[in-house]
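Structure first, commentary second.
Readers should treat all values here as calculations from the given coordinates under stated rules, not as data from a laboratory. All of these numbers come straight from a predicted model, not from anything done at the bench. Please note: Cβ atoms are built from the backbone with ideal geometry, for glycine as well, and neighbour counts cover all protein chains shown.
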C-alpha cells in the first residue's frame, strides 16, 4: 500500500491526516476532528504493510508530529515512512533515522538534460554551432535541474546564435537583488513571454502550492479577467489552449495529465519554486489567509490595492478589514465548516463588487444570497461540488456569467 501526501507550509495536521485517509479510501472524508480522522487511518492501516511519503516537509516543531506518528505505528512489519525536505532540522523533528542528502546534478548530467530539451529534433550538424555557448549557459544554472530544464525549454524556441548569445549576456545573471538571484532562469523565460502570457502565468499565484490545476477552469479564469482577446479566426477558448500549451512547453507547468474521468480536460501542477516566482511577480496584488476564530488576524501586510486572494475559512467570519480590499477581482474561498459561509456571503457580495471570478467549490453551500446581483462584473462562478445547493437566484441570469455547477 503506497500513500503520497504533499505537506508544504504552513503545517496543517488535519489537512495532512485527511489527505492520508483520502488516499487510503479513495473518498474525500467529511470529517473535521483530528482524533476521528486518525482513528479512521488506524482502522485502514491496521496490520497492513505500507509506504507513506510525506513530500516537502517544512515544520520544525516535533510536538506537532506526535499524534500523527503515534497513529502510524499500527502497520505491519516492514512499513516505512519516507520524508522529503529541504531542511535537515525538519527531518530530525519528524524523527527520521537515516538522512540521505541529494546533491546537485553533475556537469555531465546537466548538459545531457539540457541537450535533450534544447536540441530536441535537431541534427548533429544543426546543434554543433550552438554547443559551446550552450555549455556556458548550462554552467550558469549551477547544476539545478529546474534551471537547466527551464532554460532548455526557452532555448528550444530560439534558432539563431544571436538569440542564444542574448540569453548568455543577459543582465539578469549579474543582478544582486535577492529574489532575482533565486529566479534568474525563470526571469529569462518570463521576460520572453508576451504581455498577455505574463498575465496568464502570474495569475496562478492565486493557487496554493501543489494545487491540482484544471486546464479548462484555468482558461475560463483567464477569460473572466480579460487576458484573452478573441480574433476573427480564433475564439478565446482556442487562444487559451494555445497559451496553456506555450506555458507548459516552457516548463512553467508540470505533471500534465488527462483527467481520468472525462478523458478531455488536462490537469497540471506548478513546481513550488515556479509557484514562488509567480507569487513574487504578484506580491503586491495577491494574498492568502486562513481565518480561525481563535486567531487575531492582521491585514497590515495586505495591500488594499490587491486584486487576487485565496481565503481558507476554518471558523468564525472574515475580519472587517478584509472588505477594505475593494478592488479584489479574483477570489478563491475554501471553507472547512458547513455553516461558516452562511453569514459571510451576503456581506462579501455587498462589499466586493469588483469581483470578476469567484470560486466557491467544495464549500458545502446550501443557498446563494440574492445579493449576488451586486457583482455586476462577475464573469466566472464555480459552485461545483456543493451537493446541497438546489436553487440559484434569478440574479445569476441577468449578466453573462460562466457558471459551473
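Distance from the alpha carbon centroid of segment 108-172 to that of segment 329-390 works out to 46 angstrom.
For segment 1-100, the relative contact order works out to 31 percent when only alpha carbon pairs closer than 8 Å and six or more residues apart are counted.
Taking each residue as 0.36 nm, the span from residue 104 to residue 246 lengthens on full extension beyond its C-alpha to C-alpha distance by 48.3 nm. Have a look at the DSSP beta bridges in the chain and tell me what percent are antiparallel, nearest 5. Taking every DSSP beta bridge with both residues in the chain, the antiparallel ones total about 15 percent. Using just its DSSP H runs of length 4 or more, each adding -39500 (n - 2.57), the chain gives a mean residue ellipticity at 222 nm of -10500 deg cm²/dmol after division by all residues.
Sorted fewest first by neighbouring Cβ atoms within 10 angstrom, 5, 148 come out as 5, 148. On the basis of the beta-carbon distance and an R0 of 22 Å, residue 290 and residue 254 show a calculated FRET efficiency of 0.25.
Note on 207, 120: ascending count of other Cβ atoms within 10 Å places them as 120, 207, the fewest first.
Counting other Cβ atoms within 10 Å as a rough exposure proxy, the listed residues 225, 377, 185, 211 run 377, 211, 225, 185 from fewest neighbours to most. Quick one: of the DSSP bridges fully inside segment 2-94, what percent are antiparallel, nearest 5? Close to 0 percent. For the chain, the relative contact order is 8 percent, taking Cα pairs closer than 8 Å that sit 6 or more residues apart in sequence and dividing their mean separation by the residue count.
Given the alternatives [x] 0.99; [y] 1.19; [z] 0.96, Rg/Rh (Cα atoms, Kirkwood Rh) as computed for this entry is given by [x]. Computed from the Cα positions only, the extents of segment 107-191 along the three principal axes stand at 40, 26, 19 Å, in decreasing order. Orientation-averaged projection of segment 1-127 equals 10.9 nm² [convex hull of Cα atoms, one quarter of hull surface area].
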